[in-house]
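A quick write-up on the structure given underneath.
The values are calculated or read from the model by the stated rules, or taken from the named source; none is laboratory data. As the structure is a computational prediction, the values presented were derived from the model and not from experiment. Virtual Cβ from ideal backbone geometry, glycine too; neighbours counted across all protein chains shown. Ligands, DNA and RNA are excluded from the accessible area calculation, which covers all protein heavy atoms including side chains. Shrake-Rupley method; radii C 1.70, N 1.55, O 1.52, S 1.80 Å.
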Amino acid sequence: MPSYPRRLVAGVATALLAFTGISAAQADEVPTTEMQPVMVVMDYSSSMLEKDADDQGTSRIDAARKATKHLISNAPEDASMGLVVYGSTTAQKCDDITTVQKPGPVDKAGLAAKLDQLKAVGETPIGASLLHAAAELKDTDGAKSIILVSDGEENCSQPPACEAAQDLAGQGINLTVHTIGFKVNDEARSQLECIAEATGGSYVTADDADTLQEELTTRTLRAFQGYTASGTPVEGTTQMHQAPTLLPGQYLDTLEKGETKSWTSKDGTTKYYKIGPLSPGERAHVSATMIPDQSQSSDGSSHARVSVELVNGQGKQCAMGRSEMTNSTQLGRPMSGYVHNPEYRQDSSSGCFADGTGELFAKVTRDGALQKDTAMDVELLYALEPAVDPTLLDAATTQADAPQSVTVTGEAQPVLGGSSFNDALEVESGQLYADSAMANEARFYRVHVGNGQKLNFRVTGGNNAESGTNAIRMRVYSAVRDQVNMVGDTTLQRNIAGTATLNMRTPVNQSNRDNSIGSDAYLGGDYYVVVHSATWSRETNGVPFDYELAFEVTGTEQPFTGQPPVFQVDNVNQDQQAEPETEASQAGSPESAQSTEVPAEDEQDEILAVQNTGSNSGALWPWFTGGLVGTAALLTAGRFLFRHRSTAVVEVPTTQTTTPGGQA
């Protein structure tokens, strides 16, 4: 057997052991999502036997059964869903209401099989079915929804359907009913609209099987949603020098309260997080994203705001970032404060880095009276931009580009945009999409915009005169969640069918990092388009605002000048961090003349010799190949972690996900 360098063998073994531990920890990172429970109420009355669901003579009940199975198969694995049907067992009985599935985790195959056993034979007791479904949800706290599908008006008024909905709305149980009219007449439509309006839900008509399937799935999946905040749990401190140290990544904390009186009482929440130490030329990007509880309503004059700034070890403000605020007319819009550090030079004698430590503290503040007594989750994103040689950068942009049109055409693809930055729908340049936003809602889209490229997009509103939201507005955020200053209109009104086209001012270019033009979008990566509703009317009918989106990314992507930003460094226990060898340890090592980071030429030759030996040693080659890769990666991570080491490194093995105001 060949004689391998002892340090190489030891390095391989150490890397394998370390990687085993890291992989095991990562395997435990199972995000959990707190979703709203949803009850589907389905019409199985005898009128559903009509064979007019499509041109092929499919019965309404078969179309409904197929649509329900499609919903079940597409429901999130951790969804809490129930199913109630009426009219499925006995003719001419107004109490023929059956709970097929109680709200909770769904056995998808089992529930689909139960659907095949149901018959459409009975009456249409809509009001009683709503009360029945609501009773099934009585033990569920927080927001919840019912999705009702019916092909006709009620013929069992015990109680009348609209009165039942009004009664549920008056109970203050945070229940919304969305209705779908399948092949309905005017009277049935009016009744279903009344139900939706009474509870703040939405109504939609489905005139064929395909539309029913699309609407049932979309509306139910939408009912599960709300902004989903996620990240590695961390607890910021009110005392700066007790703050936890963050490595690049995304974190989740809670800002417990707002201000008693907006902007004057100064009794909001402030927390600190340690960043660094940074090296000369490095830039830390920090954002704090917060969103109100979308189900709450409050005085439209109240606001909430999140801001983030950087302070040095003496508590002196070094960089004041951008803050964002919102009010109750646009509860779905994210607030994403953002900041980055000023230039850090080796010869700094004043400002942030005068003490020479390279350590900074992110100061995150929540203020404003909006939902002041409701805890709000905050996502903290920390990305580290490596130093770049300024002599390799081009000249900065001197003039913004003129506005340009978006030429994308074709058939729009129906989609449901994401509910947060974390589950934003990935979209492609040159594609056309159709979506909608309801009151207190935002839809998130993710599109890649690399160095040298530019994002342009178009939003077109249709006939939205009956929409329950007054307008939609558009915002763009960069890869580090800095809001991008776009050229063009950012608002579409519901009573005006129009088009809004937005353009970046200039292509993404690292040369603009400190420029007056393009500094808000100088790093290539995934960018986010957020379409959110603005609802200032006191009453809303829950009808969504429909729109089409066309994306166009121009230019050819170029590589980064220098190294790309670091968005995530996996946490490694301190006893696994790679410490640099001391002179004493090197002197005591027989191989001290060799580098521990890159095999010397004679070691590389020996490795190649191993690869070309007989079967016994050849069988070991995958271990050494994997070991070398693992060693290199571990050493890279070790060097990073050692340089950014701290006695207060956040050590948490799991990622948690919560909804607004909720606890993980």
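Residue count for region 55-75 under the criterion of being of a type in the set (Val, Ile, Thr) and not in a helix (DSSP H, G or I): the result is 1. Is it the case that some residue within region 451-463 is of a type in the set (S, T, N, Q) and either farther than 26 Å from Asp401 by Cα or under 19 Å from the mean Cα position of the chain (by Cα) (or both)? The answer is yes; a qualifying residue exists.
Among the numbered conditions (1) closer than 26 Å to Cys194 by Cβ; (2) in contact with a Leu (Cβ under 6 Å, 6 or more places away or on another chain), the only one that Glu441 does not meet is (2).
With the requirement that a residue be open to solvent by 10 Å² or more (accessible area, probe 1.4 Å) and part of a helix (DSSP H, G or I), what does region 133-150 give you? Please lay out each step first, then the result.
Quick first cut of region 133-150, residues open to solvent by 10 Å² or more (accessible area, probe 1.4 Å) only: 134-136, 138-144.
Result: Ala134, Ala135, Glu136.
The single condition among (1) crowded, with 21+ Cβ neighbours inside 10 Å; (2) touching a Pro at 6+ places or on another chain (Cβ under 8 Å); (3) at negative phi that Ile61 does not meet is (2). None of Thr99, Thr124 is touching a strand residue (DSSP E or B) at 6+ places or on another chain (Cβ under 8 Å) and either open to solvent by less than 20 Å² (accessible area, probe 1.4 Å) or part of a helix (DSSP H, G or I) (or both) except Thr124. Annotation note: of Asp78, Asp52, the sole residue that is surrounded by fewer than 23 Cβ atoms within 10 Å (Cβ to Cβ) and either in a strand (DSSP E or B) or modelled with pLDDT of 90 or more (or both) is Asp52.
Looking only at region 257-277, how many residues end up being among the β-branched types (Val, Ile, Thr) and in a strand (DSSP E or B)? Don't jump to the end; show me each part of the working.
The initial filter retains those residues of region 257-277 that are among the β-branched types (Val, Ile, Thr), namely 260, 264, 269-270, 275.
Cutting the leftovers down to in a strand (DSSP E or B) gives us 269-270, 275.
Counting residues in region 257-277 that are among the β-branched types (Val, Ile, Thr) and in a strand (DSSP E or B) gives 3.
Can you pull out the strands (runs of 3 or more DSSP E) entirely within region 434-523 that have at least 1 residues that are open to solvent by less than 10 Å² (accessible area, probe 1.4 Å), free of Cβ contacts under 8 Å to residues at least 40 places away in the same chain and on the phi < 0 side of the Ramachandran plot? Give the steps one after another, and end with the answer.
Numbers: elements: 442-449, 454-461, 471-477, 486-488, 491-493, 499-504.
The strands (runs of 3 or more DSSP E) meeting that bar number zero.
Scanning for something open to solvent by 10 Å² or more (accessible area, probe 1.4 Å) and assigned to a helix (DSSP H, G or I), does region 87-95 turn up at least one residue? No.
Give region 64-75 a look and list any residue that's buried (at least 17 other Cβ atoms within 10 Å of the Cβ) and over 20 Å from Asp208 (Cβ atoms), or say none. Answer for region 64-75, where residues must be buried (at least 17 other Cβ atoms within 10 Å of the Cβ) and over 20 Å from Asp208 (Cβ atoms): Ile72, Ala75.
I need the full set of residues from region 257-267 which are surrounded by fewer than 22 Cβ atoms within 10 Å (Cβ to Cβ) and not charged (D, E, K, R), in order please. I'd like the intermediate steps shown before the answer.
To start, the set of residues in region 257-267 that are surrounded by fewer than 22 Cβ atoms within 10 Å (Cβ to Cβ) comprises 257, 260-267.
Once the filter is applied, which keeps residues that are surrounded by fewer than 22 Cβ atoms within 10 Å (Cβ to Cβ) and not charged (D, E, K, R), region 257-267 yields Thr260, Ser262, Trp263, Thr264, Ser265.
Can Leu393 be described as out of contact with any His (no Cβ under 7 Å at 6 or more places or on another chain) and farther than 26 Å from Val569 by Cα? Here the answer is yes, as Leu393 does meet what is asked.
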